[in-house]
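The values are calculated or read from the model by the stated rules, or taken from the named source; none is laboratory data. This is a predicted model, so every value here is computed, not measured. All Cβ positions, even for glycine, are placed from backbone atoms using ideal geometry, and neighbour counts span all protein chains on display. Protein only, heavy atoms only, side chains kept; ligands, DNA and RNA dropped before computing areas. Shrake-Rupley method; radii C 1.70, N 1.55, O 1.52, S 1.80 Å.
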Amino acid sequence: MNPVKSIYNQDELVAQVFNLKDIEEGLDFLTEDDSFVQVGTWHYKKETLLPAHFHNDFDRSALRTQEVVIVLSGKIKCSLYSTDGNFIDDAFLNQNMMIIQYSNAHEYELLEDSKVIEIKNGPYFGPDKDRTRINVEKN
């Protein structure tokens, strides 16, 4: 699936927006293998069997938290900033859209009553250790 929008800060990929109505048939991973969060889509026919399996233990380390937000209903705005607060871009997400955030800072504004799923890599160390609030340059 191709992103609806790819957002960069200089040459660094900050985020990608996807329309979940565009899911291709089969298994399609949207993130690169070295991404800390792995996002894939499934689109299979009825009675397809995905064989039983488990995931092997490996010594994995993640240097940063990457976040996926899926809008089930409503509309949100995700504003993206550099870690020093400089505005990069806005992404508007409607129902059945998703943003994968790889780096830098983000802020959400709910433009309608919304239901959203947030997914990120863990473990979670609590709000004081896990995140840093910043002052942002409003566009």
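Some points to look at:
- Residue list for region 73-82, filter: surrounded by fewer than 19 Cβ atoms within 10 Å (Cβ to Cβ) and out of contact with any Ser or Thr (no Cβ under 8 Å at 6 or more places or on another chain): Lys77, Ser79, Ser82
- Single residue of region 103-139 satisfying the filter (among the polar types (S, T, N, Q) and surrounded by fewer than 14 Cβ atoms within 10 Å (Cβ to Cβ)) that is farthest from Leu63 (Cα to Cα): Asn139
- Residue in region 92-99 that is under 18 Å from Phe18 (Cα atoms), open to solvent by 100 Å² or more (accessible area, probe 1.4 Å) and of a type in the set (A, V, I, L, M, F, W, C) present: yes
- Residue check for Lys115: of a type in the set (D, E, K, R), over 22 Å from Glu12 (Cβ atoms) and either in contact with a helix residue (DSSP H, G or I) (Cβ under 9 Å, 6 or more places away or on another chain) or without any contact (Cβ under 8 Å) to a residue 24 or more places away in the chain (or both): no
- Of all residues in region 10-27, those being open to solvent by less than 50 Å² (accessible area, probe 1.4 Å), more than 30 Å from Thr48 (Cβ to Cβ) and more than 16 Å from the chain's Cα centre (by Cα) number 0.
- Selection of first residues in region 90-111 that are over 16 Å from Lys75 (Cα atoms) and touching a residue at least 24 places away in the same chain (Cβ under 8 Å) and of second residues that are part of a loop (DSSP other than H, G, I, E, B) and of a type in the set (Phe, Trp, Tyr), restricted to Cβ pairs under 8 Å at least 6 apart or on distinct chains, gives an empty result.
- Test result for Glu47, surrounded by fewer than 16 Cβ atoms within 10 Å (Cβ to Cβ), in contact with a His (Cβ under 7 Å, 6 or more places away or on another chain) and in a loop (DSSP other than H, G, I, E, B): no
- Test: residue in region 119-135 that is under 18 Å from the mean Cα position of the chain (by Cα) and at pLDDT 95 or above: yes
- Any hit, region 52-69, residues being surrounded by 16 or more Cβ atoms within 10 Å (Cβ to Cβ) and assigned to a loop (DSSP other than H, G, I, E, B): yes
- The set of residues in region 70-88 being out of contact with any Lys or Arg (no Cβ under 8 Å at 6 or more places or on another chain), assigned to a strand (DSSP E or B) and not aromatic (Phe, Trp, Tyr) consists of Ile70, Lys75, Ile76, Lys77, Cys78, Ser79, Leu80, Ile88.
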